[in-house]
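Student: Before I ask anything, here is the structure I am working with.
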Amino acid sequence: MFERAHAVFPDGTTRVTIERDPVPRYIARAEGAYLTDVDGRRFLDLNLNFTTLIHGHGFEPVRAAVESQMRNGTCFANPTEAEVELASLLCTRVPRLERIRFVNTGTEAVMFAIKAARAFTGRSRIAKIEGAYHGAYDWVEVAQASVPDNWGPPDRPAGTPYYRGMPASVLDDVVVLRFNDPAGARQLLSRHGSDIAAVLIDPMPSRAGLIAPAPEFVSALQEMAREHGILIISDEVLNFRQDYRGAAARYGLQPDLFALGKIIGGGFPIGAIGGLGDVMSVFDGSRGRPLLPQGGTFSANPISMVAGHAAMEALDQIAFARLERLGDGLRSRLVDAIARANAPLSITGAASLFRLHPKPTPPREFREAHLSPAEAKVMKEMSRFFAANGIILPVGAAACLSTSMGEAEVDAIADALETFLAENSALLEEIS
Ligand code: PMP
């Protein structure tokens, strides 16, 4: 298949994020917590399409809702009841999510949240976190892939380009902040604050380390935003799965705008922009052309709406509490295994998310999470070992649990790490 794929895709894949070691795993089918590849091998899936499938694969209520909607039509140039239902569910749960608009991907949600902040403030620059991933809109790609050679001094993180030919004007429009550096954020936002429309923040940026935000960092952003009239955009495309009320509420952040995606579509394409009513009024076209026109052929398509509603309805407070306990249990099992093996590893994450680091103490921000070649080798071997033992473990970003998992899956993950550590002491010695 990979050979055939090379005839039609530039590198044999159609997403840069597809892992190949040396070839990608082509999936034949999936059910609950498990995937089966085309060679008939079965894997516990800790990727879940980049954390999207919070109920695992083939969740029955989603399947039923989608099958029923298929019979009634898949997309129309008209609104449906389904979009009102999903929007109402989300706005009822999430503080400060007063109004919402649906789109098709997280990228699009982030893009429109930034445009909304620009339209509301009349300013065009944004601030974002070094190393944080927010999708494929040019402005949020700045400093997404910084490395020690180009990331600049700690108090002035460089706005590094993401691709050759990225416009210099885009780089000029972005102020880069370091995660969990309240003094740095205060300094940079005081200097540039009057030009900045929004601070874009993922409360626990997965590719920057999946690290919890320090309360002092959250309050520094909040204070600077208030002082300089900057909006706060909480990108919860991934971290919305942390809490019934979303990630901002969990960490005491008070966003003006949200970008959502992934779990709220129940496994179908989705994104959403939401926030305070006065800010969201930039989308209001009831009195003529809105400040920010926003459309989209497949936006709010009823398949994604009904799938998302079925998934989110099943994700009640009890389901979130269970996921939280499962995640806490797993993280403590992994911490114990690491301590018993006296291995130079640590773990970050919260709720149903976790990430292993080849570092003796948990990193506090992106630069500390950056891997040396020897550390990268350890993580590659770990992911190979897990795959050989029937577990797909993402290592460069968040791994996740789903409601379809239980103690048996937690045991399998903890046992795999324990055996990996026992069998790889020479490799681990290289990073000690
Ligand atoms: N923001 C964050 C925090 C994300 O994790 C992602 C996707 N991994 C995106 C935005 C982009 O979402 P999508 O892939 O649906 O465009």
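Student: In the set Ala158, Ala145, which member is assigned to a loop (DSSP other than H, G, I, E, B) and over 18 Å from the mean Cα position of the chain (by Cα)?
Tutor: Ala158
Student: If a residue must be in a loop (DSSP other than H, G, I, E, B), closer than 27 Å to Pro205 by Cα and not polar (S, T, N, Q), how many such residues does the stretch 398-432 contain?
Tutor: Residues meeting the conditions: 5.
Student: Right, something else. Looking at Ala272, is it among the small types (Gly, Ala, Ser), touching a Lys or Arg at 6+ places or on another chain (Cβ under 8 Å) and more than 16 Å from the ligand (Cβ to nearest atom)?
Tutor: no
Student: When you check Gly329 against the structure, is it touching a helix residue (DSSP H, G or I) at 6+ places or on another chain (Cβ under 8 Å) and on the phi > 0 side of the Ramachandran plot, yes or no?
Tutor: No; evaluated as a whole, the condition is false for this residue.
Student: All but one of (1) more than 16 Å from the ligand (Cβ to nearest atom); (2) in a strand (DSSP E or B) hold for Phe102; state the number of the condition that does not hold.
Tutor: In the conditions (1) more than 16 Å from the ligand (Cβ to nearest atom); (2) in a strand (DSSP E or B), Phe102 misses (1) alone.
Student: Give, as residue ranges, the helices (runs of 4 or more DSSP H) completely inside the stretch 225-334 that count at least 2 residues that are acidic (Asp, Glu) and in contact (Cβ under 8 Å) with a residue 60 or more places away in the chain.
Tutor: none
Student: Of all residues in the stretch 337-359 being of a type outside the set (A, V, I, L, M, F, W, C) and in contact (Cβ under 8 Å) with a residue 40 or more places away in the chain, which is surrounded by the fewest Cβ atoms within 10 Å (Cβ to Cβ)?
Tutor: It comes out as Arg340.
Student: In the stretch 86-134, what count of residues is obtained for those that are more than 20 Å from the chain's Cα centre (by Cα) and hydroxyl-bearing (Ser, Thr, Tyr)?
Tutor: 4
Student: Hey, can you tell me all the residues within the stretch 107-131 that are within 11 Å of the ligand (Cβ to nearest atom), within 12 Å of Leu231 (Cβ to Cβ) and part of a strand (DSSP E or B)?
Tutor: None - no residue of the stretch 107-131 is within 11 Å of the ligand (Cβ to nearest atom), within 12 Å of Leu231 (Cβ to Cβ) and part of a strand (DSSP E or B), so the list stays empty.
Student: Considering Val395, Val378, which residue is part of a helix (DSSP H, G or I), surrounded by 18 or more Cβ atoms within 10 Å (Cβ to Cβ) and not assigned by TED's automatic domain parsing to the domain that holds Gln242?
Tutor: Val378
Student: Mind listing whichever residues of the stretch 140-158 are within 16 Å of the ligand (Cβ to nearest atom) and crowded, with 20+ Cβ neighbours inside 10 Å?
Tutor: Result: Val140, Glu141, Val142, Ala143, Gln144.
Student: Mind listing whichever residues of the stretch 182-223 are closer than 25 Å to Phe50 by Cβ and part of a loop (DSSP other than H, G, I, E, B)?
Tutor: Scanning the stretch 182-223 gives Asp202, Pro203, Met204, Pro205, Ser206, Arg207, Ala208, Gly209, Leu210, Ile211, Ala212, Pro213.
Student: When you scan the stretch 231-262, how many residues do you find that are within 11 Å of the ligand (Cβ to nearest atom) and surrounded by fewer than 24 Cβ atoms within 10 Å (Cβ to Cβ)?
Tutor: 0
Student: In addition: Can you tell me which residue among Arg355, Arg364 is in the same structural domain as Phe43 (by TED's automatic domain parsing) and farther than 18 Å from Leu330 by Cα?
Tutor: After ruling out the rest, the residue left standing is Arg364.
Student: For the structure I just gave you, tell me whether Leu371 is under 21 Å from the mean Cα position of the chain (by Cα), under 17 Å from Arg331 (Cα atoms), hydrophobic (A, V, I, L, M, F, W, C) and not in a helix (DSSP H, G or I).
Tutor: Spelling it out, it is not the case that Leu371 is under 21 Å from the mean Cα position of the chain (by Cα), under 17 Å from Arg331 (Cα atoms), hydrophobic (A, V, I, L, M, F, W, C) and not in a helix (DSSP H, G or I).
The values are calculated or read from the model by the stated rules, or taken from the named source; none is laboratory data. Computed from a predicted model, the values in this text were never measured in an experiment. Here Cβ is always computed from backbone atoms with ideal geometry, including for glycine, and neighbour counts include all displayed protein chains.
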